[in-house]
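Note sheet for the following structure.
The values are calculated or read from the model by the stated rules, or taken from the named source; none is laboratory data. Being a predicted model, the structure only gives us computed values, none of them experimental. Don't worry about glycine lacking a Cβ; one is built from the backbone with ideal geometry, like all the others, and counts go over all protein chains shown.
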Ligand SMILES: NC(=O)C1=CN([C@@H]2O[C@H](COP(=O)(O)OP(=O)(O)OC[C@H]3O[C@@H](n4cnc5c(N)ncnc54)[C@H](O)[C@@H]3O)[C@@H](O)[C@H]2O)C=CC1
Ligand SMILES: CC(=O)C(=O)O
């Protein structure tokens, strides 16, 4: 069994359970600890997941916040979710207090732990988690625009008739309304997306709207999103546990913008190992700057 492999999931609702489910079938964790403010939720999720765990051979159990603070990777999925029509940023009033409670109850947090923030608004909460935990910036990561980037690649995969995993394209900035697509740097097979005949026919505003609006479309139809983020967060945990040094767009403090937002980053054991500066067109750089400004306005209140 690899080291760095005890993972806690704090918040055992739909997102936490989907993550646990996706993670246990990767067979990379020595143990998954489930924590929630509701003992009934913990009991129910562990009972249900344990049936799946018996097939995957991953140990899963309920735990206290103090135990979670001693695991290698702490994933925070606790908190309120958006209602239909509600922007993620509106959740900050409720989820600030949830996060304060979660971080406080896990103290003393292991100094070499990596925190993966998933609850919304994820960029602001990643900034707050860093401040409250006192951990170095590279050890506090937000899932950020990894999910939006996945959504973009799925959509582009249909347009270009290629597997989404073969598309190198990023959604950057806020995991929210001000996010932007880095079209200029996008490639398929090393060829710039902008050079393909199909690119000329793309309505970029419409694609942007589809990608940034996908969460709300799902929320309107079934009340919440959880499988997509469950898979993305499990992949991030996998990348950390195996020190894979894979590049994903995640939320991290970026010196250049003076704020916590998503840029592509190399991820491994100690969390973020490097943040890449994507070559953007002038218009794209302005969009990313506005996204940073929008986030800074809220971030500076915390
Ligand atoms: N970053 C992303 O891409 C995504 C983020 N989310 C966010 O994930 C969060 C969770 O969503 P769901 O699981 O659907 O909600 P949910 O309502 O199903 O679960 C939330 C869980 O948090 C628990 N909780 C509340 N306060 C707590 C505390 N102090 N300590 C421990 N547990 C606590 C609740 O008891 C509940 O079980 C929301 O903020 C949502 O917006 C959801 C989808 C994607
Ligand atoms: C809810 C959310 O943040 C998402 O699905 O993107």
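Key figures
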{"item": "Residue in region 152-172 that is in a helix (DSSP H, G or I), at pLDDT 95 or above, surrounded by 18 or more Cβ atoms within 10 Å (Cβ to Cβ) and under 17 Å from the mean Cα position of the chain (by Cα) present", "result": "yes"}
{"item": "Search result, residues across region 184-222 that are loosely packed, with under 14 Cβ neighbours inside 10 Å, free of Cβ contacts under 8 Å to residues at least 12 places away in the same chain and farther than 28 Å from residue 282 by Cα", "result": "217, 221, 222"}
{"item": "Filtered residues of region 19-47 (kept if more than 23 Å from the chain's Cα centre (by Cα) and exposed (fewer than 14 other Cβ atoms within 10 Å of the Cβ))", "result": "38, 39, 40, 47"}
{"item": "Set 51, 72: member being more than 16 Å from ligand 2 (Cβ to nearest atom) and modelled with pLDDT under 95", "result": "51"}
{"item": "Scope region 188-204; condition part of a helix (DSSP H, G or I) and farther than 16 Å from residue 173 by Cβ; matching residues", "result": "193, 194, 195, 197, 198, 199, 200"}
{"item": "Any chance residue 191 is within 16 Å of ligand 2 (Cβ to nearest atom) and assigned by TED's automatic domain parsing to the domain that holds residue 278", "result": "no"}
{"item": "Single residue of region 102-118 satisfying the filter (part of a helix (DSSP H, G or I) and surrounded by 14 or more Cβ atoms within 10 Å (Cβ to Cβ)) that is nearest to ligand 2 (Cβ to nearest atom)", "result": "102"}
{"item": "Residue, farthest from ligand 1 (Cβ to nearest atom), within region 123-151, restricted to residues that are touching a strand residue (DSSP E or B) at 6+ places or on another chain (Cβ under 9 Å) and not in a helix (DSSP H, G or I)", "result": "136"}
{"item": "Residue, modelled with the highest pLDDT, within region 1-18, restricted to residues that are over 18 Å from the mean Cα position of the chain (by Cα) and farther than 13 Å from residue 75 by Cα", "result": "4"}
{"item": "Those residues of region 19-35 which are farther than 17 Å from residue 226 by Cα and outside any strand (DSSP E or B), in sequence order", "result": "26, 27, 28, 29, 30"}
{"item": "Residue 100 being closer than 23 Å to residue 174 by Cβ and near ligand 1 (Cβ under 10 Å from one of its atoms)", "result": "yes"}
{"item": "One residue from 91, 23 being closer than 27 Å to residue 137 by Cβ and free of Cβ contacts under 8 Å to residues at least 40 places away in the same chain", "result": "91"}
{"item": "Qualifying residue in region 50-64 (condition: in contact (Cβ under 8 Å) with a residue 40 or more places away in the chain and under 18 Å from residue 242 (Cα atoms))", "result": "no"}
{"item": "Failed item, numbered, when residue 161 is tested on (1) assigned by TED's automatic domain parsing to the domain that holds residue 279; (2) within 16 Å of ligand 1 (Cβ to nearest atom)", "result": "(2)"}
{"item": "Some residue of region 272-287 being more than 30 Å from residue 158 (Cβ to Cβ), out of contact with any strand residue (DSSP E or B) (no Cβ under 7 Å at 6 or more places or on another chain) and outside the structural domain of residue 29 (by TED's automatic domain parsing)", "result": "no"}
